[in-house]
Amino acid sequence: MNTIRVKRIASSLQNEISDIIANELRDEDLKMVTVTHVKLANDLSHAIVYVTTLFDDKKDKMIKDLNRAAGFIKGELGRRKFEIRTMPEFEFVYDESLEYAQNIEKIIKDLNKKQDVDKSV
């Protein structure tokens with residue numbers, strides 16, 4: 001399938017899933033979830049939905065609850081007249097990239113501080 005179309009559908013899925021999580025799900029813990037990326041298979045059969053939350057202590061429960069609600073989310077997307085024939089199966093995964101980026105940024109700041117100290121000596 002055309003990769004541009006797959007990317008466009010993935011972007012639309014990201015927006016719609018975010019809206020469903022924020023407005024349709026009853027679990028208050030899931031209201032603070034951010035969908036960061038959707039990776040969609042070329043045949044549109046499977047989608048990995050990357051999410052983050054402000055509450056690091058609840059991330060395991062959040063992923064478990066989202067995967068349990070995947071059928072409901074899939075049904076809601078179907079009711080919204082989405083532009084694909086069959087809705088993909090959703091798998092929710094915690095997005096580690098933000099934590100990784102923060103760790104890299106901290107390392108760079110520490111190196112810069114060390115260089116500043118070395119220059120002043």
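The values are calculated or read from the model by the stated rules, or taken from the named source; none is laboratory data. Just so it is clear, the structure is predicted and the values come from calculations on it, not from any experiment. All Cβ positions, even for glycine, are placed from backbone atoms using ideal geometry, and neighbour counts span all protein chains on display.
In the set (1) over 24 Å from Y100 (Cα atoms); (2) in a helix (DSSP H, G or I), the condition left unmet by L25 is number (2).
Of all the residues in region 54-79, those that are touching a residue at least 40 places away in the same chain (Cβ under 8 Å) and crowded, with 17+ Cβ neighbours inside 10 Å number 5. Could you say whether any residue in region 88-111 is part of a loop (DSSP other than H, G, I, E, B), in contact with a helix residue (DSSP H, G or I) (Cβ under 9 Å, 6 or more places away or on another chain) and either modelled with pLDDT of 80 or more or surrounded by 10 or more Cβ atoms within 10 Å (Cβ to Cβ) (or both)? Scanning region 88-111, I find at least one residue that is part of a loop (DSSP other than H, G, I, E, B), in contact with a helix residue (DSSP H, G or I) (Cβ under 9 Å, 6 or more places away or on another chain) and either modelled with pLDDT of 80 or more or surrounded by 10 or more Cβ atoms within 10 Å (Cβ to Cβ) (or both), so the answer is yes.
Whenever a residue of region 1-30 is without any contact (Cβ under 8 Å) to a residue 24 or more places away in the chain and under 19 Å from T53 (Cβ atoms), its partners that are surrounded by 18 or more Cβ atoms within 10 Å (Cβ to Cβ) and of a type in the set (A, V, I, L, M), lying with C-beta atoms within less than 7 angstrom and at least six residues away or across chains, give the pairs S18/V35.
Restricting to region 1-22, what's the tally of residues that are in a helix (DSSP H, G or I), more than 18 Å from E76 (Cα to Cα) and not hydrophobic (A, V, I, L, M, F, W, C)? Before the answer, list the steps.
If we filter region 1-22 for residues that are in a helix (DSSP H, G or I), which is where we start, we get 3-22.
Still in the list and also more than 18 Å from E76 (Cα to Cα): 3-8.
Now restrict to residues that are not hydrophobic (A, V, I, L, M, F, W, C): 3, 5, 7-8.
Residues meeting the conditions: 4.
Taken together, the residues in region 14-46 that are closer than 18 Å to I84 by Cα, over 11 Å from the mean Cα position of the chain (by Cα) and buried (at least 16 other Cβ atoms within 10 Å of the Cβ) amount to 4.
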